[in-house]
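Working notes for the structure below.
The values are calculated or read from the model by the stated rules, or taken from the named source; none is laboratory data. Remember, it's a predicted structure, so these values are computed and weren't measured experimentally. So basically every Cβ, Gly included, is an ideal-geometry build from the backbone, and we count neighbours across all protein chains shown.
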Amino acid sequence: MRRHRPRISNFWGGIIGLAVLVAACYLVFGGSLPFSKSPFVLKAVFTTETQLHIPSPVRIAGVDVGQVVSVTHISGSSRAGLVTMDINQNGLPIHANANARIRPRIFLEGNFYVDLFPGTPNAPSLRSGDTLPAAQNSGPVQLDRVLSTLNSSARSNLQTLLQGIGAALSAPPSPGQDATQDPSVRGLTGAQALNLSLKYSADAFKASAIVNQGLLGLQRNDLERVVTGNAKVFKALAASGNQLSSLVTTFNATMATLASRQQDLSQTISLLPPLLRRTQSADTALDASFGPTQTFAAALTPGVEQLGPTIDAAIPWIAQATQLVSPANLGGLLSDLTPAVQNTSAAITTTKALISAADQLARCFTHTVIPTGNEVISDPPFGTGQSVYQELFQSAVGLAGAAGNFDGNGRYVRASAGGGSVPVQTPPLPGNGALFGNAVLPPLGTRPAYPGKAPPIRSSVACSANPVPKLNNATTGAAP
């Protein structure tokens, strides 16, 4: 069994349809959408007939930024009206010195539009609902109003002026005047010469457009800065009256000099086209170099952007470094170290002598003392088989033991004649005579034998230059 859905009654269907129709008419005739953000409302007073229709566009520099939502007649005036406009976000901000002009649209568009100049940034910004006074606005200029100001006499003079201009443009040139003209326009009327100039107008207008685009600058307010700078220049020129008159006089003399060299000047001008063609080819190569230059500039931009933060981060470090080298810190330490640095030269000289003596001492130990100490004396049957330096250390231990106390008379070694049967007598000694004693065994002799005098000491010969002594070649002296 199918269930039947309840249908809307005719009454409620008519109510809903009527509501939809009312909403559509509201939106079509300029109503705003519900729950949408309120637009920026700007009002302007015009003292002439505006000829505006709803919704006429509002433009800034040719770009649509809003539309006219209402035009209200101001009581007490036959032509004055109040125009209300909704401005989009791309047309904000609008400043207090803004002005509005009503201009005709192109032929295919028809009607008029509001040309809005938003004012200068140094003026305060307007709020939504503010009104531009009539002194800052101007209405459209109608051709019928212009013609209505011309009376019959003025219109007759205007006709005469136009006829004279037409006759001047269409009259053929006289032979004398035609000979002085450029070869490209000789024999042509003024109108024909003007028509011929249109051949070059496209390139000229293109170059003018490029120049005008360049005059706008690269950043916002560049043109304003140029105008401000020119105003300062002209103000300075106006303040220098005497110098300005001298400049005009000098300029007049310069122009007179150029006029006297007219032939040379003409020749110079005739040489300009080849120069300009070569310049154009050079500019082509220059334009080709702009691509890598722009790439380099783009790569350099992040580093330049970080330069400011880098400087900000370096400033505290520089401040700390300045305090570090101040007289209270490193400056004072430098003052204290100056005498030590000044005496460094003398210390280096003394150290050099010390190092030289240490080198000689090391060479003496390496070449003479150490080989001598490592030699083993062969003296049978009393040889120990040990090196000389070992026997030296052992003798020192023996002397230390012999110097100990062994009676109450103090530290000394007692030497007395033994009780042997072998008499011993020394040769006469200076101041003492001969010494006598009794040995247990007969003395073998002395080694090495005493040569009768000490060996010579030669201070001019380095220790390392002396040969290593041969201890085993020493002779044995006779027994006493």
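Data for the structure
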| quantity | calculated |
| --- | --- |
| Qualifying residue in the stretch 293-304 (condition: free of Cβ contacts under 8 Å to residues at least 24 places away in the same chain and either in contact with a Leu (Cβ under 6 Å, 6 or more places away or on another chain) or acidic (Asp, Glu) (or both)) | no |
| Qualifying residue in the stretch 350-360 (condition: under 30 Å from Thr476 (Cβ atoms) and either at pLDDT 85 or above or surrounded by 10 or more Cβ atoms within 10 Å (Cβ to Cβ) (or both)) | no |
| Subset of the stretch 452-480 that is surrounded by fewer than 10 Cβ atoms within 10 Å (Cβ to Cβ) and modelled with pLDDT under 75 - its residue that is farthest from Pro430 (Cα to Cα) | Ala478 |
| Strands (runs of 3 or more DSSP E) (entirely within the stretch 35-120) containing at least 2 residues that are under 16 Å from Pro140 (Cα atoms) and of a type in the set (Phe, Trp, Tyr) | 112-117 |
| Residues that are closer than 21 Å to Ile106 by Cα and surrounded by fewer than 12 Cβ atoms within 10 Å (Cβ to Cβ), drawn from the stretch 54-81 | Ala61, Gly62, Val63 |
| Answer from Ser378, Ser345 - the residue that is among the polar types (S, T, N, Q) and closer than 30 Å to Arg447 by Cβ | Ser378 |
| Residue among Ala19, Ala44 that alone is modelled with pLDDT of 75 or more, within 21 Å of Leu92 (Cα to Cα) and surrounded by 10 or more Cβ atoms within 10 Å (Cβ to Cβ) | Ala44 |
| Any hit, the stretch 151-169, residues being of a type in the set (Lys, Arg), closer than 30 Å to Phe117 by Cβ, modelled with pLDDT under 80 and more than 60 Å from the chain's Cα centre (by Cα) | no |
| Of residues in the stretch 276-315 being charged (D, E, K, R) and within 27 Å of Ser184 (Cβ to Cβ), the one modelled with the lowest pLDDT | Asp283 |
| Residue among Thr50, Thr84 that alone is surrounded by 14 or more Cβ atoms within 10 Å (Cβ to Cβ), over 29 Å from Arg220 (Cβ atoms), touching a strand residue (DSSP E or B) at 6+ places or on another chain (Cβ under 6 Å) and hydroxyl-bearing (Ser, Thr, Tyr) | Thr50 |
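Conditions (1) modelled with pLDDT under 80; (2) surrounded by 10 or more Cβ atoms within 10 Å (Cβ to Cβ); (3) touching a strand residue (DSSP E or B) at 6+ places or on another chain (Cβ under 9 Å); (4) not basic (Lys, Arg), marked per residue:
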residue: Leu216; (1), (2), (3), (4): yes, yes, no, yes
residue: Arg225; (1), (2), (3), (4): no, yes, no, no
residue: Thr228; (1), (2), (3), (4): no, yes, no, yes
residue: Ser245; (1), (2), (3), (4): yes, yes, no, yes
residue: Thr249; (1), (2), (3), (4): yes, yes, no, yes
residue: Thr268; (1), (2), (3), (4): no, yes, no, yes
residue: Pro274; (1), (2), (3), (4): no, no, no, yes
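Yes/no per residue for (1) within 30 Å of Gln181 (Cβ to Cβ); (2) under 16 Å from the mean Cα position of the chain (by Cα):
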| residue | (1), (2) |
| --- | --- |
| Ala253 | yes, no |
| Arg261 | yes, no |
| Gln267 | yes, no |
| Ser270 | yes, no |
| Leu275 | yes, no |
| Ser289 | no, no |
| Thr295 | no, no |
| Glu305 | no, yes |
| Pro309 | no, yes |
